[in-house]
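Just below is one structure, and these are the notes that go with it.
The values are calculated or read from the model by the stated rules, or taken from the named source; none is laboratory data. Worth saying up front: this structure is predicted, and the values here are computed from it rather than measured. Neighbour counts run over all protein chains shown; Cβ positions are idealised from the backbone, glycine included. What goes into the accessible areas is simple: the full protein's heavy atoms, side chains included, and nothing from ligands, DNA or RNA. Shrake-Rupley method; radii C 1.70, N 1.55, O 1.52, S 1.80 Å.
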Amino acid sequence: MEEFILKRIRIREIEFGEKTEISGGVLSVNREELSDLLMEDSCIANVDLAIARPGESKRIIPVKDVIEPRCKNIDGQDSFPGFFTDANFPSGKGETLVLDGMAVVTSGKLVNFQEGLIDMSGPGAEYSIFSRKLNLVLLIEPVKGLGKHEHERSVRIAGLKAAHFLASYAKKISCDEEERFSVSSLDKLYKKAPDLPRVVYVCQAIAQGLLHDNYFYGQNAQGCLPVLMYPTELMDGAVISGNCAAPCHKHTTYHHQNNPIVEDLLKEHDKNINFLGVIVPPVRTALAEKERIGYQVFKLAQMMGAQGAIISEDGGGNPEADLMIVARHFEKNGIKTVIITDEYAGSDGASPGLADVTPEADAVVTNGNGNQKVKLPPMDETIGFVETVEHITGGHEGSLLSDGSIEMEIAGIMGSTNELGIENLKTIAI
Amino acid sequence: MGLPAVLITAVPPIALTVGANRIIRGIAIPHPVGAPQEEPEEEFRIRKGLVEKALKALCTSISEQTVFD
Amino acid sequence: MKTLKVVHYINQFFGKLGGEEMASIPPRFEDGPVGIGELITSSSHGEFEVVRTIICGDNYAAENLEEFKKVILPWIEEAGPDLVIAGPAFAAGRYGTACGILCQEVEKTLGIPSVTAMHPVNPGVDLAKKDIFILETGDSARQIARVVPQMVSFARKLVNQEKIGLPGEEGYIPRGIRINVRDQRRGSKRAVDMLIDKLQGKNFETELPMPVFDRVPPAEAISDLYEAVIAIGTEGGIVPEGNPDRIEAHNASKWCRYSISDLSRLEKGKYEVAHGGYDPVPANDDPNRVLPLDAARVCEKEKQFARLYGYYPVTVGNVTAVRSAEKYGKEIGEMLKKDGVQGVILTST
């Protein structure tokens, strides 16, 4: 039987030092070594590194992506397939190392206004799981005149490189915790639990252009049809985020790596459900593509004999059309469906929260209203550029007050209404 | 009495859901009346075609929401 | 015991000035409680002291809402209350409207907590429910002896800034708004649990009932296009370079209009995308791909219609609240109508 083994190395402190190494739970990073590695990309003019720890009075802004350091423990194979080696080997099997308790955060000059904010303390910190991580922030400055697409690409690759580089230092040390997942083909799953309802998880991945893209095995998901994956493939970097819209609900690469729906479905697997696998459809802008992809999702689920499904949204607005297209196919053909999303109900909570609806969507979990306003106190230190808050989603002209505090919507806080449900925010009607 | 309004959108289902009455299928979300993959003359021809379709929709009597083709 | 100062608003009937024949009397005030105001004092065991009672005729209030607010607000401010109580209005529509609007204004402008009470179908409910708490009553004023104490105990919670629970628990009419709360279980677990319940045929409750959107009947078609003035506009956020009016990338707080009267197309670099919800590159390269000015001009030159309107209305429809969009649509429509436009072509991204 094949297995995926996640080996967790707990990081309890990060510091800059003479040598890059992990010892006694402390990650030491040699600044030059890491920035030299990233500066191999000639599109990058400069790299600054910063550390932000839970509880510190620090604000990181603008944030593009958050990546958990992971790499495989097998020679010739790697996490983030398609980026470091060729994409031609199985993600989601064998041993993968993860630096638990820390994250790589990509920041620096704004690519576009879909980027977000992380506060390490204060009320803003409650809205983001990343406030509870030891964050190594990459402040990337592109060369002059670099186009937005190239800028985004350089930052994205730099984040993955850094995450992968750091994780590789765990190869030499023993892990603190091991999680084992069995990787079973469908015939084995059907045989093992014939009486449990068969469930698929449909994980939307938006693929709509600059700062709205995702990558399947290194391939931009635009132009892809839905992909069928083992649940463990997501844990191994099979899907990488190039999506920034919007900070509150877009899936960072960290969220893909730590997909809570996969985790919670696996906990119920062989108990109340037979979890067959994950279908990852791109979400495109043209209706013809939505319909084509929607039908293919249904076809895959039907071929697998699915009886139940969870569909998670990536983004807001037009992806709701895809949610409804798939929900209609599923429900009309006996596949019981739960949709998981978030909503934009206005700052007063009085507006309809979704752009598209269908009566078949009778079971919906919501991860909060992204328009809720908050006031964040000033932080002692900003990593990045605090004035960009007036341009990012959730911010507005006048968001940054003279004393350094910020009035904004939680839409601008990284992961605050994460649509995979990693947070416990919910909206209720009163 | 209101003004006839026609919406050119790449996602007619959403327009139908939120109650738009005259709807024309646009090309794509980032460019509802653009076709960047075409040569400029062809792109303009396509755009003009959509505008003319829209004008026709404004002149068409309807009793319920309609996606014009 | 510290007493809480209350200003009480009532209509001409409860103010003991008369019935329908006195419905047009303008507002006036008295210091101290009037009529049922005494019930406020007694049911609070003296904790609430009505320091001022404002009385107004129902017709006057409903027909002159702006004047009504303007006159009454200073009287309230002057009395320096901890709380404003309006009504209860039961099913009386003009009275309920006045109560709802007044409480709304008091909270917004003076920041003083307020409470009112009326029947769920009272028009005052839909006007004000999202901004204030409206306790639910039946339609008969005979219940007053029961309703006033309820208002008092609810008001005490408001003044003490206690956590207010769900409508069913606390007795207020559902406000039609959604608020964020924390749940014990994370969202993914709630989704998995909901699916298992659904698969096992058990009852489950959706967290987001599908909303119902308003429908507007289609406007009449243009009868003679050749004579018509046509406007073009967009929610795609195409704005002059630099976004001079700072339309937000997300949840726009405004719409703008920009002149196109001497333009035959939108030039690259002179216009840009302010909308944060789509890839801006194609439209920054050629803004006509979102606002089809070039094509519309050519159609105008070919005399397909009489004239292109000299401005284009624009906003950003990126997670912009539906209520805002309704407001902008109304305002834009009024402007176009006033300026003699017969039809509008809008694009959406």
statement: So the strands (runs of 3 or more DSSP E) completely within region C:14-99 holding 2 or more residues that are charged (D, E, K, R) and in the same structural domain as C:ILE132 (by TED's automatic domain parsing) are C:28-31, C:48-56
message: Can you pull out every residue in region C:184-203 that is facing chain A (nearest Cβ under 7 Å) and surrounded by 17 or more Cβ atoms within 10 Å (Cβ to Cβ)?
response: C:ARG186, C:GLY187, C:SER188, C:LYS189, C:ARG190, C:ALA191, C:VAL192, C:MET194, C:LEU195, C:ILE196, C:LYS198, C:LEU199
- request: State which residue is farthest from the chain's Cα centre (by Cα) when the search covers only region A:47-65 and only residues that are closer than 11 Å to A:LEU138 by Cβ and open to solvent by less than 10 Å² (accessible area, probe 1.4 Å).
  value: A:ILE60
query: Out of region C:316-349, which residues are touching a residue at least 24 places away in the same chain (Cβ under 8 Å), away from chain A (no Cβ under 14 Å) and either of a type outside the set (D, E, K, R) or part of a loop (DSSP other than H, G, I, E, B) (or both)?
result: C:ILE332, C:MET335, C:LEU336, C:ASP339, C:GLY340, C:VAL341, C:GLN342, C:GLY343, C:VAL344, C:ILE345, C:LEU346
statement: Those residues of region C:171-182 which are facing chain A (nearest Cβ under 7 Å) and crowded, with 17+ Cβ neighbours inside 10 Å amount to C:ARG175, C:ILE177, C:ARG178, C:ASN180
task: Evaluate the following for C:GLY233: is it more than 8 Å from every other protein chain (Cβ to nearest Cβ), assigned to a strand (DSSP E or B) and either within 23 Å of A:ALA345 (Cβ to Cβ) or of a type in the set (Gly, Ala, Ser) (or both)?
output: yes
message: Restricting to region C:298-315, name every residue that is part of a loop (DSSP other than H, G, I, E, B) and either within 14 Å of chain A (Cβ to nearest Cβ) or in contact (Cβ under 8 Å) with a residue 60 or more places away in the chain (or both).
response: C:LYS303, C:GLN304, C:PHE305, C:ALA306, C:TYR309, C:THR315
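Rundown of residues vs (1) surrounded by fewer than 23 Cβ atoms within 10 Å (Cβ to Cβ); (2) touching a Ser or Thr at 6+ places or on another chain (Cβ under 9 Å); (3) over 18 Å from C:PHE14 (Cα atoms), yes/no style:
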site	(1), (2), (3)
C:PHE48	no, yes, yes
C:CYS56	no, no, no
C:GLU66	yes, no, yes
C:GLY87	no, yes, no
C:PHE90	yes, yes, no
C:ARG94	yes, no, no
C:ASP126	yes, no, yes
C:ALA141	yes, no, no
task: May I ask you to list the residues in region A:28-45 that are out of contact with any Ser or Thr (no Cβ under 8 Å at 6 or more places or on another chain) and assigned to a strand (DSSP E or B)?
output: A:ALA45
query: Is it true that A:SER154 is at pLDDT below 95, open to solvent by 50 Å² or more (accessible area, probe 1.4 Å) and of a type in the set (Gly, Ala, Ser)?
result: no
- prompt: So which strands (runs of 3 or more DSSP E) stay within region A:67-119 end to end and still have 1 or more residues that are among the aliphatic types (A, V, I, L, M) and farther than 13 Å from A:ALA167 by Cβ?
  reply: A:102-108, A:116-119
task: Name the residue, out of C:GLN150, C:GLN143, that is modelled with pLDDT under 95, more than 25 Å from the chain's Cα centre (by Cα) and more than 9 Å from every other protein chain (Cβ to nearest Cβ).
output: C:GLN143
- prompt: Does region A:397-417 hold any residues that are open to solvent by less than 10 Å² (accessible area, probe 1.4 Å), outside any loop (DSSP other than H, G, I, E, B) and not small (Gly, Ala, Ser), and which are they?
  reply: A:ILE406, A:MET408, A:ILE410, A:ILE413
field: Set A:GLY316, A:GLY353, A:GLY346, A:GLY394: member being facing another protein chain (nearest Cβ under 7 Å), in a loop (DSSP other than H, G, I, E, B), under 26 Å from A:ALA288 (Cβ atoms) and not acidic (Asp, Glu)
entry: A:GLY316
message: For the structure I just gave you, tell me whether A:LEU420 is within 10 Å of chain C (Cβ to nearest Cβ) and open to solvent by less than 20 Å² (accessible area, probe 1.4 Å).
response: yes
- request: Could you please find all residues in region A:329-343 being at the interface with chain C (Cβ under 7 Å from one of its Cβ atoms) and within 16 Å of A:GLY394 (Cβ to Cβ)?
  value: A:GLU343
task: Could you tell me whether A:GLY145 is part of a loop (DSSP other than H, G, I, E, B) and not hydrophobic (A, V, I, L, M, F, W, C)?
output: yes
task: Would you check if C:ARG297 is crowded, with 17+ Cβ neighbours inside 10 Å, modelled with pLDDT of 95 or more and among the basic types (Lys, Arg)?
output: yes
- line: The residue that is nearest to the other protein chains (Cβ to nearest Cβ), considering only those in region A:248-304 that are open to solvent by 10 Å² or more (accessible area, probe 1.4 Å) and small (Gly, Ala, Ser), is A:ALA286
message: Being under 23 Å from the mean Cα position of the chain (by Cα), among the small types (Gly, Ala, Ser) and closer than 28 Å to B:GLY19 by Cβ is true for just one of A:GLY395, A:GLY415, A:GLY346, A:GLY353. Which residue is that?
response: A:GLY353
